[in-house]
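Here's the structure, in structure tokens; my notes come after.
The values are calculated or read from the model by the stated rules, or taken from the named source; none is laboratory data. Only a predicted model underlies this, so the values are computations on that prediction, with no experimental measurement involved. Cβ coordinates were reconstructed from backbone atoms using ideal geometry, including for glycine residues, and neighbour counts include every protein chain displayed. The accessibility values were calculated without ligands, DNA or RNA, using every heavy atom of the protein model including side chains. Shrake-Rupley method; radii C 1.70, N 1.55, O 1.52, S 1.80 Å.
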Amino acid sequence: MFETIVLASGNKDKIKELRATLKPLGVTLKSTYDFPELEEVVEDRPTLEGNALKKAEYVHHETGLPTLSDDTGLEVDALNGAPGVYSARYAGESVTYQDNNDKLLDELSEVPTQDRKAQFRTVAAFVTDKGQYAFEGICRGEILKEERGEQGFGYDPVFKPEGYELTFAELGADEKNKISHRGKAIQKFYNWLKKHPS
Ligand code: IMP
């Protein structure tokens, strides 16, 4: 089994979540906090896969340790998959989640309920000495006409997953993780790890 894996992220929620997932396998999870000399990786690739791989390759190269990284985008059908890889800066550089949600609701203001389908997509990339592996997780749903809920982050208040009446921001972290894009990608990674112990 891999003894130590680095998560190429400084996001405390992601670190906590992945640490809990990997615990039963006896894997120690490090993060960018353990390697303060690492530089910020610019996410400038045109795809989620490209960005996830770029971050994992860099951190693996610098630390010599197997590295996991993830990149997520919200892909709205009526916007031909936008904001996608640009989800973090949909309303511009240095914007807030609120700015992005406002812009999204504005862009979709004329779009009727039945055409507001969307999905969150996460690509997790794992880079080791032996190779590079990718794990995808998708959660389908729809964009509501107004925000609902206080929990979560990002586009959670406007996203209602398929088969649910609540938004991600109303569901709460545990419920969200069970069905979310990131949860599914990490579950695939976990299953792969069990079959590939080194
Ligand atoms: P990242 O790749 O995880 O940094 O995500 C990029 C952007 O996608 C974030 O800045 C958020 O705007 C959005 N995002 C990612 N994951 C989620 C989620 O689970 N819920 C809502 N928005 C998300």
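Among the listed pairs Lys12/Lys54; Lys12/Lys176; Lys117/Lys195; Lys30/Lys176, a Cα-Cα separation exceeding 26 Å is found for Lys117/Lys195. In 10 Å bins starting at 0, how do the alpha-carbon pair distances of the chain split up by percent? Pair shares across the bins are 9, 35, 34, 18, 4, 0.
Once the 1.4 Å probe is applied to the protein heavy atoms, the chain comes out at 53 Å² accessible per residue. At 222 nm, what helix-only mean residue ellipticity would the chain give, in deg cm²/dmol to the nearest 500, using -39500 (n - 2.57) for each DSSP H run of four or more? Roughly -9500 deg cm²/dmol at 222 nm, from the helical runs in the chain. Take every Cα pair under 8 Å whose residues are at least 6 apart in sequence, average their separation, divide by the length of segment 147-198, and the relative contact order is 26 percent. Of the accessible area of segment 121-198, computed with a 1.4 Å probe over protein heavy atoms only, carbon and sulfur atoms account for 49 percent.
Normalising by the residue count of the chain, find the relative contact order in percent from Cα pairs under 8 Å and 6+ residues apart. Result for the chain is 18 percent. Evaluating 6.51 cos²θ - 1.76 cosθ + 1.60 at θ = phi - 60° for every residue in segment 86-93, the Karplus couplings come out as 9, 4, 5, 10, 4, 8, x, 6 Hz, glycine and proline recorded as x. Within 10 Å of each candidate Cβ there may be at most 10 other Cβ atoms; applying that plus a DSSP loop requirement, which chymotrypsin sites (Phe, Trp or Tyr not before Pro) in segment 95-158 survive? Counting only loop positions with at most 10 other Cβ atoms within 10 Å, none of the chymotrypsin sites (Phe, Trp or Tyr not before Pro) in segment 95-158 qualifies. Annotation: for a label point projected 7 angstrom from Cα along Cα→Cβ of Glu93, residues of segment 12-48 with backbone N closer than 19 Å are 40-46.
Whole Å is fine, so just give me how far the alpha carbon centre of segment 141-167 lies from that of segment 23-68. Using only Cα atoms, the two centres lie 29 Å from each other.
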